[in-house]
Amino acid sequence: MAMDLSSWAAKIHSKKEKIPTAPTLDHLQKYEHELFGRKEGFITEAMKALRDLPPDQIKTNAQALNMLKKECQEAIEKRRSELSAPSTEKLAKEDAIDVTLELPQKERGHLHLIPEFIRQVEEVFGRMGFDTSYGPEIETEENNFNLLNIPATHPARDAQDTFWIKTKDPNDRRLLRTQTSPVQIRYMQTHKPPFRMICPGAVYRKDEDATHSPMFHQFEGLMIGTDVSLANMKAVMITAMRELTSPDIVFRFRTGYFPFVEPGLEVDMRWQGEDKTREGNWLEVVGCGMVHPQVLINCGINPPMSGRPRLAREAWQGFAFGFGVERMLMIKHQIPSIRSFYQGDVRFLQQF
Ligand code: PHE
């Protein structure tokens, strides 16, 4: 004889009580099957037994049974999520991270030593109150030569073998700048003295050997005031050069000729080693001097006065210098050939 509803209900109740302590997911699944299985599941069977009740009892019993069914489902879901959540203990065993494990080193890139050096230059001069300015690499003949006091017939133009650019208009003469000095011109035309600035960047000349490359980098400095002197120039340059290269650098100031400065100087540098005994080669790294009065006039600074001579305290004056970046790095790191900078050989680059 088939069991009646109350016997099924008793079975369901006792199974339901076991759910919250089901030891594993497998046990839980077994209980679920025993309760809800399509064949002989306790709840399925109880539903069938409902039909044998007298009609007036069906409704209330069906409600009670549905309630019980719902409670069982909820209890199963609750226990299932408890059992599925990994315990801390289990995690500690299976998923712990071994912080002592040595991982393969990831390769990290870094700035090429030229832009890195230029950043240092901006930083060191920035601390001395110098503004940084940049100009275009394609320049006008006017800015690169004429306004710098280098007229078309001037022999200094031969010294700078220029890459000329073809233009449609023969009067619009353009070139790849041969020096950073045209940025001085641009700056003086647009700023009112007193000021101090540097301008780093690439420059181009038809030149190639161990210490020359057709493209290289310079940074120019310019300081204009009413009493800026050659002594100030030496102080600024030596302070900056020592900081940018090494305290073991020695300098040699020689007279030099650049049409846009008067007097003009050249500076050679040599690394003598910490023990002060090594005899490296002198390498010319800087041209510098007091900005030529004509250059100041060309840029609208100190316009000629009509009628009377200008008094010294009414006139702006100052110095300019132009460093070769690669040359300084060659001395600093004892690099024999300028080509190493551009070959992109990681064995070279990784040393810095
Ligand atoms: N422009 C010069 C060069 O390229 C260097 C220089 C700059 C000299 C400023 C004097 C003053 O050789």
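The values are calculated or read from the model by the stated rules, or taken from the named source; none is laboratory data. This one's a predicted model, so the numbers in the text were calculated from it and none came from an experiment. Note: ideal-geometry Cβ built from the backbone for every residue, glycine included; neighbour counts use all protein chains shown. These area figures cover heavy atoms from the full protein model, side chains too; ligands, DNA and RNA do not enter into them. Shrake-Rupley method; radii C 1.70, N 1.55, O 1.52, S 1.80 Å.
For residues that are within 23 Å of Ala152 (Cα to Cα) and more than 12 Å from the ligand (Cβ to nearest atom), scanning just segment 205-214, find the one that is surrounded by the most Cβ atoms within 10 Å (Cβ to Cβ). Applying the filter and picking the extreme gives Pro214. Checking Ala202, Ala231 one by one, the residue that is at pLDDT 95 or above and within 16 Å of the ligand (Cβ to nearest atom) is Ala202 and no other. Cβ-Cβ under 8 Å, sequence separation 6+ or interchain: first residue in segment 217-238 and within 20 Å of Cys199 (Cβ to Cβ) and in contact (Cβ under 8 Å) with a residue 40 or more places away in the chain, partner among the aromatic types (Phe, Trp, Tyr) and open to solvent by 10 Å² or more (accessible area, probe 1.4 Å). Which pairs? Here the result reads Gly221/Phe130; Leu222/Tyr187; Leu222/Phe195; Met223/Phe130; Met223/Phe195; Ile224/Phe195; Ile224/Trp316; Gly225/Trp316, each pair linking segment 217-238 to a residue that is among the aromatic types (Phe, Trp, Tyr) and open to solvent by 10 Å² or more (accessible area, probe 1.4 Å).
Within segment 313-334, restricting attention to residues that are modelled with pLDDT of 90 or more and more than 16 Å from the ligand (Cβ to nearest atom), which residue is surrounded by the most Cβ atoms within 10 Å (Cβ to Cβ)? Only one residue tops the list, namely Leu329.
Looking at segment 224-246, can you tell me whether even one residue there is assigned to a strand (DSSP E or B), assigned by TED's automatic domain parsing to the domain that holds Phe117 and over 21 Å from Ile335 (Cβ atoms)? Checked against the condition, which is being assigned to a strand (DSSP E or B), assigned by TED's automatic domain parsing to the domain that holds Phe117 and over 21 Å from Ile335 (Cβ atoms), segment 224-246 yields at least one hit. Of the numbered criteria (1) in contact with a strand residue (DSSP E or B) (Cβ under 6 Å, 6 or more places away or on another chain); (2) not in a helix (DSSP H, G or I), the one Asp98 fails is (1). Of all residues in segment 251-269, exactly one satisfies the criterion of being over 11 Å from Val286 (Cβ atoms), buried (at least 18 other Cβ atoms within 10 Å of the Cβ) and more than 8 Å from the ligand (Cβ to nearest atom), namely Pro259.
Conditions (1) open to solvent by less than 80 Å² (accessible area, probe 1.4 Å); (2) part of a helix (DSSP H, G or I); (3) within 30 Å of Pro86 (Cβ to Cβ), marked per residue:
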residue	(1), (2), (3)
His13	no, yes, no
Lys16	yes, yes, yes
Asp26	no, yes, yes
His33	no, yes, yes
Glu45	yes, yes, no
Lys48	no, yes, no
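Figure legend. Inter-residue proximity from segment 319-331: first residues under 10 Å from Met241 (Cβ atoms), second residues within 8 Å of the ligand (Cβ to nearest atom) and assigned to a helix (DSSP H, G or I), beta-carbon distance below 9 Å, spacing 6+ or different chains. No pairs are indicated. In segment 293-304, the residues that are over 9 Å from Leu147 (Cα atoms) and in contact (Cβ under 8 Å) with a residue 60 or more places away in the chain reach residues that are open to solvent by 20 Å² or more (accessible area, probe 1.4 Å) and not in a loop (DSSP other than H, G, I, E, B) with C-beta atoms within less than 7 angstrom, at least six apart or across chains, in these pairs: Gly300/Gln189. Under the condition of being farther than 20 Å from Asn149 by Cβ and buried (at least 20 other Cβ atoms within 10 Å of the Cβ), the residues counted in segment 177-193 number 0.
On inspection, Thr245 passes the criterion of being away from the ligand (no atom under 14 Å from the Cβ) and open to solvent by less than 20 Å² (accessible area, probe 1.4 Å).
One line per residue, one yes/no per condition, for (1) surrounded by 10 or more Cβ atoms within 10 Å (Cβ to Cβ); (2) assigned to a helix (DSSP H, G or I); (3) over 28 Å from the mean Cα position of the chain (by Cα):
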residue	(1), (2), (3)
Leu68	yes, yes, yes
Cys72	yes, yes, yes
Lys78	yes, yes, yes
Gln105	no, no, no
Glu116	yes, yes, no
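Only one entry in Arg252, Arg242, Arg270 is closer than 26 Å to Ser133 by Cβ and among the basic types (Lys, Arg), namely Arg242.
Restricting attention to segment 159-199, the residues being outside any helix (DSSP H, G or I), β-branched (Val, Ile, Thr) and away from the ligand (no atom under 16 Å from the Cβ) number 2. For segment 217-225, does any single residue satisfy the condition of being away from the ligand (no atom under 13 Å from the Cβ), open to solvent by less than 50 Å² (accessible area, probe 1.4 Å) and either in contact with a His (Cβ under 7 Å, 6 or more places away or on another chain) or not aliphatic (A, V, I, L, M) (or both)? Checked segment 217-225: at least one residue is away from the ligand (no atom under 13 Å from the Cβ), open to solvent by less than 50 Å² (accessible area, probe 1.4 Å) and either in contact with a His (Cβ under 7 Å, 6 or more places away or on another chain) or not aliphatic (A, V, I, L, M) (or both).
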